[in-house]
Amino acid sequence: MDIIETPVLVLLPLRVEHADEMAAVLSDPALYTFTGGVPLSAQELRARYERLVSGPPGWRNWVVWLREEDCLVGYVQATIDGATAEIAWVIGTPWQGRGLATAAAKALVGWLVRQGIDTIVAHIHPDHVASASVATSAGLRPTGRWHEGEVRWER
């Protein structure tokens with residue numbers, strides 16, 4: 001899987017070894033307000049990462065490494081099925097509000113387009129203004145269709 005680089009961030013292919021640092025990055029319960037769930041322990045996250053890295057070839061997962069601070073700050077993911085990819089992004093609470101989710105999502109969308117992906121989809125809770133802004137910046141638009149209580153966005 002490719003490393004995706006921007007001037008500010010590097011999207012590194014997910015490895016099981018990222019679980020300890022990512023457990024801290026994803027530890028704020030506020031991150032799950034719109035998506036549901038709870039923070040996972042390092043051990044639980046390690047088990048999840050084992051499943052993700054050994055999953056089907058269409059499961060693509062990257063951790064987001066912030067160059068300036070030399071640390072992981074979140075993740076992006078794409079589930080590719082033919083010429084369609086469903087994407088998601090999460091940036092840890094301490095690093096939010098700095099444009100990092102936008103930079104990561106744009107880098108991911110650019111990579112997907114270069115891979116020949118025609119349709120890029122994200123599902124966003126209707127009250128999640130920050131994620132809607134990220135999606136807009138990454139070139140996605142709301143479709144008016146819903147999926148499990150979230151609005152379907154597409155590029």
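We did not get these values from a lab; they are worked out from the coordinates using the rules stated. Quick caveat: nothing in here was measured; it's all calculated off a predicted structure. When we count neighbours, we look across all protein chains shown, and the Cβ atoms used for this are built from the backbone with ideal geometry, even at glycine.
Annotations for the structure displayed:
- The helix-only estimate of mean residue ellipticity at 222 nm for the chain, built from DSSP H runs of length n ≥ 4 each weighted as -39500 (n - 2.57), is -8500 deg cm²/dmol after division by the residue total.
- If R0 is 35 Å, the Cβ-Cβ spacing of Glu148 and Arg67 corresponds to a FRET efficiency of close to 0.50.
- Highest-first arrangement of 76-82, 138-144, where packing means the average Cβ count within 10 Å: 76-82, 138-144
- Cut-off 11 Å, label 7 Å out along Cα→Cβ of Tyr32, residues of segment 46-65 by amide N: none
- Placed amide H near Cys71: partners under 5 Å, 5+ positions off or other chain: Leu66
- The residue list Ala88, Thr143, Ala101 was ranked by how far each Cα lies along the charge dipole of the chain toward its positive end, using unit charges on Cβ atoms, and Thr143 comes out on top.
- Assigned charges on the beta-carbon of Lys, Arg, Asp, Glu; the chain dipole about Cα centre (debye): 380
- Segment 10-81 - charge dipole about Cα centre, Lys and Arg +1 at Cβ, Asp and Glu -1, debye rounded to 20: 280
- Checking (1) 14.6, 39; (2) 15.8, 53; (3) 15.7, 49 against Rg and Dmax of the Cα atoms in Å calculated from these atoms, the matching label is (1).
- Between segment 99-155 and segment 20-55, the Cα center-to-center distance that results, in Å: 21
- Cβ-derived FRET efficiency at R0 30 Å, Arg98 paired with Asp20, nearest 0.05: 0.80
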